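The values are calculated or read from the model by the stated rules, or taken from the named source; none is laboratory data. For clarity, every value in this text was computed on a predicted model and none was experimentally measured. Neighbour counts are summed over all protein chains in view; Cβ atoms, including those assigned to glycine, are modelled from backbone coordinates with ideal geometry. Only protein heavy atoms, including side chains, enter the accessible area calculation; ligands, DNA and RNA are left aside. Shrake-Rupley method; radii C 1.70, N 1.55, O 1.52, S 1.80 Å.
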Amino acid sequence: MATQMMRNALAGVSIHGISKSFDSAPILNGISLDIRDGEFLTLLGPSGCGKSTLLRIIAGLEQQDCGTIEVAGVKVDRLRPKQRDVAMVFQSYALYPHMTVSENMALPLKMRRLSAWQRLPVIGALLPKTCAVSAEIKTEVVRTAKALGIDHLLAHKPGQLSGGQRQRVAVGRAMVRHPAVFLMDEPLSNLDAKLRVQMRGEIKELHRRLGVTFIYVTHDQTEAMTMSDRIAVMLNGQLAQVASPRQIYACPADRRVAELIGSPKINLLEATARSEGLLTVAGSALAVDNKLDSGSSVTLGIRPESLQPAEWAGLNTLTGRLRYVEHVGADLFAHVDVPGSSEPLVARLPVELASNFQSDQIVHLQIRREQVLLFSADGRRVSEGDARVTPLRSYAQ
Amino acid sequence: MTLPMKILAGAVRHAILLTTGSLVLAPFVWMVSLSLKPPAELFSSSFTLLPQHWFAVENYARALTEAPLPRYMLNGVIVCAAILLLQIMICAPAAYALAKVRFAGRQVMFGFVLIGLLIPHQVLALPLFILCYGLGIFNTYAALIFPFVVSPFGIFLFRQFFMSIPDDIVHAARLDGLSELSIVWRIMLPMSLPAVLAFSIVSVVSHWNDLFWPLLVVRSQEFMPPSLGIVTFANAEAGNDYGPLMAGATVVVAPLVISFLAAQRWFIEGLTAGSIK
Ligand SMILES: Nc1ncnc2c1ncn2[C@@H]1O[C@H](COP(=O)(O)OP(=O)(O)O)[C@@H](O)[C@H]1O
Ligand SMILES: [Mg+2]
């Protein structure tokens with residue numbers, strides 16, 4: 001237990017109140033986050049929200065305006081990048097084009113284990129121990145390359161490799177020196193869709209095998225949902241929510257998070273509270289468990305799978321005109337125009353019903369009312385009056 | 001454009017290029033031609049490119065023996081190599097700082113480099129002359145080398161090239177444990193070989209051919225670079241004997257022409273790379 005505690009203290013990352021502006025434009029705004037040892041944490045957010053900037057600050061490549069970073073329980077704000085025990089995989093891979101794969105992967109080890117004299121081209125080879133250390137480095141590079149399945153490429157230059165191979169080399173270069181923390185900045189965004197799915201699995205597997213902390217940046221919600229232990233959703237330079245993928249999906253803290261996660265996007269409908277526990281939305285009545293002031297307006301969030309076809313109109317049932325259906329193999333997505341909404345409502349339906357629907361017909365969709373999300377006018381989620389939808393805190397364990 | 005039009009346009013283009021090309025080349029061809037002729041034919045009224053009586057051996061032998069031409073060439077090599085090496089050692093880190101390191105006053109510094117680029121070297125001749133006098137380095141290699149070790153052109157060229165290298169490469173290098181200077185030598189410079197080559201050619205050519213500055217600071221033959229050597233040869237030995245003089249001049253420019261032809265492709269790539277991006 002004590003050693004476990006020690007390890008936790010050693011390899012976690014703590015971020016406290018980090019802020020950063022570029023030319024007086026605030027990019028990061030008081031970010032605080034505790035990342036546990038061995039955790040796979042994903043920073044998810046739209047492009048330009050400051051994810052890469054935060055990652056560079058953690059790595060020491062950028063200086064924060066205020067706030068502190070702790071790696072392994074030690075403040076690293078004054079340490080240079082190489083002194084922090086972190087490695088980074090860049091979106092562009094950032095391999096050195098004039099070096100072979102083997103030289104690329106050996107460089108971090110050479111810089112750490114050989115002295116400046118030993119690294120000199122001719123003189124270095126004559127110094128004692130240079131050969132032994134070089135041989136040791138070589139063995140480790142080959143071992144890492146084998147683990148990644150790139151050992152046959154060691155003599156190639158990066159220019160001769162495919163995107164997927166370069167990606168592996170970049171991971172290999174980060175891996176050889178056994179860092180306590182891996183930082184990955186959208187490592188899959190330059191790959192084609194098929195390779196992306198494959199590499200997703202491989203990175204996850206790598207994390208499982210190494211058991212070290214991963215901080216993974218992406219703007220792709222599927223990557224975030226499939227790979228992470230926890231997701232930190234970043235919006236406008238702030239963390240909107242930090243929670244497990246399941247929880248982010250089921251109980252988003254606010255409307256923007258709900259919109260960011262899930263495909264197709266969550267349906268948002270304006271609704272008005274009528275009396276305690278009753279809303280009117282799109283011309284229909286909906287019973288909810290929340291205690292809302294009568295007359296207050298809220299936004300109703302309904303995931304496509306929270307709708308099911310119904311025979312008749314009634315309580316908790318929306319009625320609209322079917323625009324079209326999308327058949328995507330396993331699912332059927334019905335796009336339905338409902339009163340009071342400019343965008344069609346999207347419902348996920350069982351494929352067997354495909355023949356039942358024609359464009360322009362009137363359809364009734366029943367809402368699974370326990371899955372409905374309510375957002376107040378300021379965008380925050382209205383937590384339920386009763387305990388059926390568990391509040392955020394109790395999920396964290 | 002129709003086909004005949006295309007051919008016509010091509011012909012016009014080639015005609016212009018051929019004319020300007022031959023205008024530039026003519027003196028060189030004339031020099032080589034003269035270096036092959038006996039004295040009697042030099043000023044003969046009939047114009048021929050090749051001599052009636054070959055006199056090459058005599059001319060070149062005199063050029064190489066009567067003046068210490070090999071000595072001049074060796075001086076040229078020493079001076080040009082030292083200048084180039086020092087220039088790269090100073091320009092590359094300076095250019096790296098201007099391209100990739102954020103610090104207060106970076107733009108102002110770069111402004112100074114641009115101003116340095118605009119000032120012709122002759123303007124600085126007098127202050128530099130006095131400085132050399134103060135340092136007491138007249139008639140040494142140092143006097144030939146020292147005024148040129150900081151090259152605004154080199155800083156500018158390298159900076160443009162370094163700017164086109166992604167920041168992520170620099171970041172990766174910092175994480176891999178390279179110091180800022182190691183990044184310059186191990187990453188930036190090897191990635192900028194075309195620029196290094198282009199700069200080397202410009203630097204070597206201009207200092208190999210420089211006559212103005214050596215004329216001011218060097219008196220003894222021991223330190224004379226080729227161009228100055230040829231001039232003293234012309235005054236002292238050759239007199240009106242232009243055959244050996246032209247032979248000497250040919251020998252002096254030959255290394256430059258050969259090395260330029262060998263490295264032509266990189267040269268053009270290096271000078272245009274910064275401007276394309
Ligand atoms: N070095 C810099 N100088 C000025 N602005 C920057 C710099 N780096 C990033 N930015 C700005 O910060 C914002 C966030 O950038 P970034 O962290 O790369 O976003 P993300 O990785 O989430 O797409 C962008 O608007 C970008 O223009
Ligand atoms: Mg980014």
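Against the definition (open to solvent by 40 Å² or more (accessible area, probe 1.4 Å) and free of Cβ contacts under 8 Å to residues at least 60 places away in the same chain), how does A:Ser275 come out, yes or no? Lay out the reasoning, then the answer.
Numbers: open to solvent by 40 Å² or more (accessible area, probe 1.4 Å): yes; free of Cβ contacts under 8 Å to residues at least 60 places away in the same chain: yes.
The answer is yes for A:Ser275.
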### Message
I'm checking my understanding of the structure. Among residues of the range B:145-164 that are small (Gly, Ala, Ser) and buried (at least 17 other Cβ atoms within 10 Å of the Cβ), which one is nearest to the other protein chains (Cβ to nearest Cβ)?
### Response
B:Gly154
### Message
Any residue that is away from ligand 1 (no atom under 16 Å from the Cβ), within 15 Å of A:Ala174 (Cβ to Cβ), over 21 Å from the mean Cα position of the chain (by Cα) and of a type in the set (D, E, K, R) - is there at least one of those in the range A:84-106?
### Response
yes
### Task
Looking only at the range A:164-180, decide whether some residue is within 16 Å of ligand 1 (Cβ to nearest atom) and within 20 Å of A:Gly60 (Cβ to Cβ).
no
### Task
Considering each residue of the range A:141-159, count those that are in a helix (DSSP H, G or I) and either crowded, with 18+ Cβ neighbours inside 10 Å or at positive phi (or both), and give that number.
6
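Within the bounds of the range A:59-79, is there any residue that is among the aliphatic types (A, V, I, L, M) and over 25 Å from B:Val101 (Cβ atoms)? So that I can check it myself, show each step before the final result.
Going through the range A:59-79, the residues among the aliphatic types (A, V, I, L, M) turn out to be A:59, A:61, A:69, A:71-72, A:74, A:76, A:79.
From the residues that got through so far, the ones that are over 25 Å from B:Val101 (Cβ atoms) too are A:72, A:74.
The answer is yes, given that some residue of the range A:59-79 is among the aliphatic types (A, V, I, L, M) and over 25 Å from B:Val101 (Cβ atoms).
Take A:Ser102 and tell me if it is within 16 Å of ligand 2 (Cβ to nearest atom) and assigned to a helix (DSSP H, G or I). Full working, then the answer.
Details: within 16 Å of ligand 2 (Cβ to nearest atom): no; assigned to a helix (DSSP H, G or I): yes.
The answer is no for A:Ser102.
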### Message
Among the residues that make up the range B:203-224, is at least one of them away from chain A (no Cβ under 14 Å) and more than 23 Å from the chain's Cα centre (by Cα)?
### Response
yes
### Query
Between residues in the range A:37-60 that are over 12 Å from A:Arg230 (Cα atoms) and residues that are outside any loop (DSSP other than H, G, I, E, B) and within 6 Å of ligand 1 (Cβ to nearest atom), which pairs lie under 6 Å by C-beta distance while being six or more apart or on different chains?
A:Gly45/A:Lys51; A:Gly50/A:Ile27; A:Thr53/A:Ile27
### Query
Residue check: is A:Asp337 out of contact with any Leu (no Cβ under 7 Å at 6 or more places or on another chain), at pLDDT 90 or above, of a type outside the set (Ser, Thr, Tyr) and open to solvent by 30 Å² or more (accessible area, probe 1.4 Å)?
yes
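Restricting attention to the range B:229-241, does a residue exist that is among the β-branched types (Val, Ile, Thr), within 19 Å of the chain's Cα centre (by Cα) and buried (at least 17 other Cβ atoms within 10 Å of the Cβ)?
The initial filter retains those residues of the range B:229-241 that are among the β-branched types (Val, Ile, Thr), namely B:230-232.
Narrowing further to those that are within 19 Å of the chain's Cα centre (by Cα): B:230-231.
Now narrow it down to the ones that are buried (at least 17 other Cβ atoms within 10 Å of the Cβ): B:230.
Yes, the range B:229-241 contains at least one residue that is among the β-branched types (Val, Ile, Thr), within 19 Å of the chain's Cα centre (by Cα) and buried (at least 17 other Cβ atoms within 10 Å of the Cβ).
Is it fair to say A:Arg56 is part of a helix (DSSP H, G or I), within 16 Å of ligand 2 (Cβ to nearest atom) and within 11 Å of chain B (Cβ to nearest Cβ)? Step through it out loud before you land on a result.
Values: part of a helix (DSSP H, G or I): yes; within 16 Å of ligand 2 (Cβ to nearest atom): yes; within 11 Å of chain B (Cβ to nearest Cβ): yes.
Spelling it out, A:Arg56 is indeed part of a helix (DSSP H, G or I), within 16 Å of ligand 2 (Cβ to nearest atom) and within 11 Å of chain B (Cβ to nearest Cβ).
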### Query
Which one of these is among the acidic types (Asp, Glu) and within 14 Å of another protein chain (Cβ to nearest Cβ): B:Asp241, B:Asp167?
B:Asp167
### Verdict on A:Ala285 being open to solvent by 20 Å² or more (accessible area, probe 1.4 Å), among the small types (Gly, Ala, Ser) and part of a strand (DSSP E or B)
yes
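Residues are listed down the side, and each one gets a yes or a no for (1) more than 14 Å from chain B (Cβ to nearest Cβ); (2) closer than 29 Å to A:Gln167 by Cβ:
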| residue | (1), (2) |
| --- | --- |
| A:Leu28 | yes, yes |
| A:Arg78 | yes, no |
| A:Lys82 | no, yes |
| A:Tyr93 | no, yes |
### Task
Could you tell me whether any residue of the range B:106-126 is closer than 30 Å to A:Val86 by Cβ and not polar (S, T, N, Q)?
yes
### Task
Test A:Ala94 against the stated conditions and say whether it is small (Gly, Ala, Ser) and surrounded by 15 or more Cβ atoms within 10 Å (Cβ to Cβ).
yes
### Summary
With the first residue restricted to the range A:172-199 and required to be within 22 Å of A:Leu153 (Cα to Cα), and the second required to be of a type outside the set (Lys, Arg) and within 16 Å of ligand 2 (Cβ to nearest atom), Cβ contacts under 6 Å at 6 or more apart or on different chains are A:Ala174/A:Val89; A:Pro187/A:Val89; A:Arg196/A:Leu188; A:Met199/A:Leu188
### Query
Of all residues in the range A:212-231, how many are away from ligand 1 (no atom under 12 Å from the Cβ), over 12 Å from A:Arg200 (Cα atoms) and either at pLDDT 95 or above or open to solvent by less than 20 Å² (accessible area, probe 1.4 Å) (or both)?
6
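Which members of the range A:26-52 meet the condition of being within 7 Å of ligand 1 (Cβ to nearest atom) and part of a strand (DSSP E or B)? Let's see the steps before the verdict.
The initial filter retains those residues of the range A:26-52 that are within 7 Å of ligand 1 (Cβ to nearest atom), namely A:27, A:45, A:47-52.
Across the range A:26-52, the qualifying residue is only A:Ile27.
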### Summary
Within the range B:1-50, the residues that are more than 24 Å from the chain's Cα centre (by Cα) and aromatic (Phe, Trp, Tyr) are B:Phe43, B:Phe47
